[in-house]
1. State whether the residues of segment 363-372 include one that is without any contact (Cβ under 8 Å) to a residue 60 or more places away in the chain, in contact with a strand residue (DSSP E or B) (Cβ under 7 Å, 6 or more places away or on another chain) and surrounded by fewer than 17 Cβ atoms within 10 Å (Cβ to Cβ).
2. If I filter segment 579-588 for residues that are open to solvent by less than 10 Å² (accessible area, probe 1.4 Å) and over 30 Å from Ala484 (Cβ atoms), do I get at least one hit?
3. Exactly one condition in (1) surrounded by fewer than 16 Cβ atoms within 10 Å (Cβ to Cβ); (2) touching a residue at least 60 places away in the same chain (Cβ under 8 Å); (3) over 24 Å from Val284 (Cα atoms) is not met by Phe594; state its number.
4. Go over the candidates Val301, Val292 one by one and state the one that is crowded, with 21+ Cβ neighbours inside 10 Å, touching a Ser or Thr at 6+ places or on another chain (Cβ under 9 Å) and within 29 Å of Ile556 (Cβ to Cβ).
5. Being surrounded by 21 or more Cβ atoms within 10 Å (Cβ to Cβ), more than 27 Å from Pro281 (Cα to Cα), touching a helix residue (DSSP H, G or I) at 6+ places or on another chain (Cβ under 9 Å) and among the aliphatic types (A, V, I, L, M) narrows it down to one residue among Ala689, Ala718, Ala683, Ala706; which is it?
6. Suppose the filter is in a strand (DSSP E or B), farther than 26 Å from Leu339 by Cα and open to solvent by less than 10 Å² (accessible area, probe 1.4 Å); does Leu531 pass it?
7. Please state which one of Glu185, Glu175, Glu102, Glu98 is closer than 23 Å to Leu296 by Cα, open to solvent by 70 Å² or more (accessible area, probe 1.4 Å) and acidic (Asp, Glu).
8. Among the numbered conditions (1) farther than 24 Å from Thr438 by Cβ; (2) within 40 Å of the chain's Cα centre (by Cα); (3) part of a helix (DSSP H, G or I), tell me where Arg400 comes up short.
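The values are calculated or read from the model by the stated rules, or taken from the named source; none is laboratory data. Keep in mind the model is a prediction, meaning the values are calculated, not measured. All Cβ positions, even for glycine, are placed from backbone atoms using ideal geometry, and neighbour counts span all protein chains on display. SASA here: full protein model, heavy atoms, side chains in, ligands and nucleic acids out. Shrake-Rupley method; radii C 1.70, N 1.55, O 1.52, S 1.80 Å.
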Amino acid sequence: MLTSNESELKMGKKEDQLNLEIKQFNKTTDLAKAQLLDAQKQNEANMAAIKEAQQEVRENTAHNIGNLWNSDSYEALIELSQTINPVNQKLADYEAVEKNIERLKRIIDNPYFARIDFQFSDQDHADTFYLGQSSLKDEDTYKMYVFDWRSPIASVFYRFSPGPAHYDAPVGRVEGELSLKRQYEIKDGKLSYFFDADVQVLDDFLRNLLSQNTASKMKTIIRSIQKEQDVAIRDLTSSVLIIQGVAGSGKTSIALHRAAYLMYQGLTHKLHARNILIISPNKVFEHYISSVIPDLDEENVVTSVFDEILSLILDKKKIEPKFAFLEKLLSDHENRELLRSSLSFKSSEIFMRILDRLIQQIPEKWMKIKEIRFKKECIVPKKEVQRRLFENHDTPLRTRLKYLEEFIDDTIFERRNFHPNEQLMKTLMSFSEFNIQTIYQNLFKDTKNFYQLADGLDLPTNIDELIKNTCIGFSKPTLAYDDAAALAYLYLKINGAHEYQEIRQVIVDEAQDYYPIHFEIMNLLFKKAKLTILGDISQTIEKNEGLDFYHQIEQIFNRKNTSLATMNKSYRCTNEILDFAAKFLHQQIAIESFNRQGEKPQISIAADAQELEKLLLTESQLCLKKGYHSIGLICKTQKNAQILYETLKPSLDLHLIKDEMDTDLNGIFIMPIYLSKGLEFDAVLVCDASAENYSDSEDKSLLYIACTRALHRLHIFAQGKLSPHF
């Protein structure tokens, strides 16, 4: 913190202010350079110490390993451990300093992006605060030269215009007056210019920022965080924070910056990277967002797609990936309704109730409960076994069986001063063995039992067809996507949740594509974690949702302090693109453009495949001439994308995006709509917008998703008749 007197940065002539700002900039970078030099010298010493320690290990290891086979092996093992541990500690010290070196280099290149002058209510002068990606302090004088964007005082910059302002600190709310709000353009270690920001100037700055070409990966937004975004990022009270945000509202950026903010917090809120899990919609998106948190000077967090979570629960069984199911759903018109209704039913609260009843049935139907005998003596009567297994349904069945084992060991054998081995206990508990997948399959094969378990529940009209189709699927080597979630639910309810014990914050992206059973699985897995759930009910693929969808999520998690934030302003698309895309909304969602002007979307219709190829090539070349860095060719399905890729590849440097790809989005890419979700491109070409491809009412959401991937330019192409949705 610098006072106005200390920094001499008083309001005056523009030239004087610029000179003072350059002076302050030089002081800041000089301090960072001095700290960088010290850190580099420190790591030179660390490296020398590591090499010396490694040499000592090499000299002592052979002797100690030889001694491990002698009677003194325990002492040799301790000596070996004592030799190796210092090396590991020195390596950890080296890595920590190396991380600080990289941070200081970034500070030298771009130390801060903003400044605020804030007068505390109990002071007669304003203090000056510079805000940057990370903090910088003079270790000798303890003076702060730069405050981290996540610090409490920084919220004043994001939330207020000059005038009365406040921020929340660990000691409580701090009141004051914001007298100056200034932003800087700094590149390659040089201060180019600055401007004092009011509402109009900030809008112009953001508009200019949004007009630039997109990057190959998602970027940080610390220079342009808006008030409502900052509120969500700094929310520490909500156990479940749900964000409904329209396309381009910055939902994912908010969540990633929120993760960095939570890691920054001290005291009880301190989180490490290993405590945070991001559930991404697919591997392409996972790679796209992978650099944001490291760019914010934090270690990258754990990421996973939901398919991987299901596979882990099911002991790595081979399951149908979600993208394969979606491809089948969108391309198999004959069975589309059956596939959709199957997923909807098996992922519903009604089916979960059937599965819960099935679990209660297991001890009686699938376990041959009998009295437990040892050496021809009854040690636990059958009624006692039944009582212990049928009571406490909230406790997982495997846990109840474990308690029964402990009861036998502690109560029966302890009195006899006898400790049974594992094989004996397994023999005594042999009645408890059952196969969960077999039980699940039998649920559909035994239709009489199915209808008994479903008594009083509202089943779909095509339930007989669903049951028959499910049984056919059991003969395949891969577990169907909709069955995988149901089976995982059974596993967790029967066995309990033992994975992800360290996770304390979960970020769920593209929440609108999940169903009740998926959220219940998350609830079972992450009972001790807080959640940030991001969605847009207008961007569903195989279903339609209303705002009551979020109320359903709230009921499933049933946590204290659940809150819903609605973000209706889009910062991605131009006015023209957003207005064009709005016609595909199923319901009247309030959606507001940031008011950035651009070209009107175009529609081109080709008579045949050859003409379509020429039109797509011409448009792609035009986009390259316009200087666009990323161009997305979007098709309804992977099948359509593959066909077009083979056609265009000989004439165009084109990349086909598949689910497992981890490529940077710089160039021309072709992909199905479901893999484009969350991504953005300078220009988008919707390649197959014919009536044949987009005729159902559900297809409107697909067109909305495809069109809202575009930042600057949108062009629609169709072969033959254009989709009626246009």
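1. yes
2. Checked segment 579-588: at least one residue is open to solvent by less than 10 Å² (accessible area, probe 1.4 Å) and over 30 Å from Ala484 (Cβ atoms).
3. With respect to (1) surrounded by fewer than 16 Cβ atoms within 10 Å (Cβ to Cβ); (2) touching a residue at least 60 places away in the same chain (Cβ under 8 Å); (3) over 24 Å from Val284 (Cα atoms), Phe594 is out only on (1).
4. Just one listed residue meets the conditions, Val292.
5. The match here is Ala718.
6. yes
7. Working: Glu185 fails: open to solvent by 70 Å² or more (accessible area, probe 1.4 Å); Glu175 fails: closer than 23 Å to Leu296 by Cα; Glu98 fails: open to solvent by 70 Å² or more (accessible area, probe 1.4 Å).
Just one listed residue meets the conditions, Glu102.
8. Only one criterion is unmet by Arg400, namely (1).
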